[in-house]
1. For Val37, indicate whether it is within 16 Å of the ligand (Cβ to nearest atom), of a type outside the set (Lys, Arg), surrounded by 10 or more Cβ atoms within 10 Å (Cβ to Cβ) and under 15 Å from the mean Cα position of the chain (by Cα).
2. Hey, can you tell me all the residues within segment 48-60 that are under 17 Å from the mean Cα position of the chain (by Cα) and away from the ligand (no atom under 16 Å from the Cβ)?
3. Residue check: is Ala24 among the small types (Gly, Ala, Ser) and surrounded by 10 or more Cβ atoms within 10 Å (Cβ to Cβ)?
4. Pull out all pairs, ordered by first then second residue, where Cβ-Cβ is under 9 Å, the residues are six or more apart or on different chains, the first lies in segment 47-75 and is in contact (Cβ under 8 Å) with a residue 40 or more places away in the chain, and the second is in a strand (DSSP E or B).
5. If you go through segment 61-73, how many residues are within 16 Å of the ligand (Cβ to nearest atom) and over 21 Å from Glu9 (Cβ atoms)?
6. Please find, among Val44, Val33, the residue that is of a type in the set (A, V, I, L, M) and in contact (Cβ under 8 Å) with a residue 12 or more places away in the chain.
7. Determine whether Arg55 is surrounded by fewer than 11 Cβ atoms within 10 Å (Cβ to Cβ), touching a helix residue (DSSP H, G or I) at 6+ places or on another chain (Cβ under 7 Å) and charged (D, E, K, R).
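The values are calculated or read from the model by the stated rules, or taken from the named source; none is laboratory data. Everything numeric in this text was worked out from a predicted model, so none of it was measured. Here the Cβ is made from the backbone with ideal geometry for all residues, glycine too, and neighbour counts use every protein chain on show.
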Amino acid sequence: MGRQYSAGEYLPFGGGSRRCLGHALAQLEMKLVLATVLSKYQLVLAEDKPVKLQRRGFTLAPAGGVRMMITGKRL
Ligand code: HEM
C-alpha cells in the first residue's frame, strides 16, 4: 500500500473550511468500480506517451484523461 497523505497534500475534494460533502461516497464508489473492473479485465495503456497535466479547478488532472484498452478477461 502507498503512504498516507496528510490533509494538506492531497486535495481532490477541496480543503480547509470548504470541503466536498460527497467525498466518502465518491471514494467508496471509485474503489468499487476499480475493484470490479480490475478483477474482471486485463488492461493496458492505449498510448505510449507521457501524461500531460492540466488544471481542473484548483487541482491537477491528466489532460484528455488516460486512455486504456481491454486486452482480455480475467478468469
Ligand atoms: C470524484 C468525485 C468528486 C470530486 C473529485 C469532488 C470534488 C469536490 C470539490 C473540489 C468541491 C469544492 C470544495 C470547495 O468548495 O473547496 C466539492 C464540493 C461539493 N461536493 Fe464534491 N466531489 C466529488 C463527488 C461528490 C459526490 C458524489 C457528492 C454528493 C453525493 C458531492 C457533493 C458535493 C457538495 C454538496 C459540494 C459543495 C460543498 C460546499 O459548498 O460546502 N461531491 N466537491
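1. Yes, satisfied.
2. We begin by selecting, within segment 48-60, every residue under 17 Å from the mean Cα position of the chain (by Cα); these are 50-60.
Selection gives Pro50, Val51, Lys52.
3. On the way: among the small types (Gly, Ala, Ser): yes; surrounded by 10 or more Cβ atoms within 10 Å (Cβ to Cβ): yes.
When the stated conditions are applied, Ala24 passes them.
4. Every condition considered, the pairs that remain are Phe58/Gly14; Thr59/Gly14.
5. Of the residues in segment 61-73, the ones within 16 Å of the ligand (Cβ to nearest atom) are 61-62, 65-66.
Now restrict to residues that are over 21 Å from Glu9 (Cβ atoms): 65-66.
So the answer is 2.
6. Working: Val33 fails: in contact (Cβ under 8 Å) with a residue 12 or more places away in the chain.
One residue alone meets the criteria, Val44.
7. No; evaluated as a whole, the condition is false for this residue.
Rundown of residues vs (1) outside any loop (DSSP other than H, G, I, E, B); (2) of a type in the set (S, T, N, Q); (3) closer than 22 Å to Phe58 by Cβ; (4) in contact with a His (Cβ under 8 Å, 6 or more places away or on another chain), yes/no style:
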position	(1), (2), (3), (4)
Glu9	no, no, yes, no
Leu21	no, no, yes, no
Leu25	yes, no, yes, no
Leu34	yes, no, no, no
Leu43	yes, no, no, no
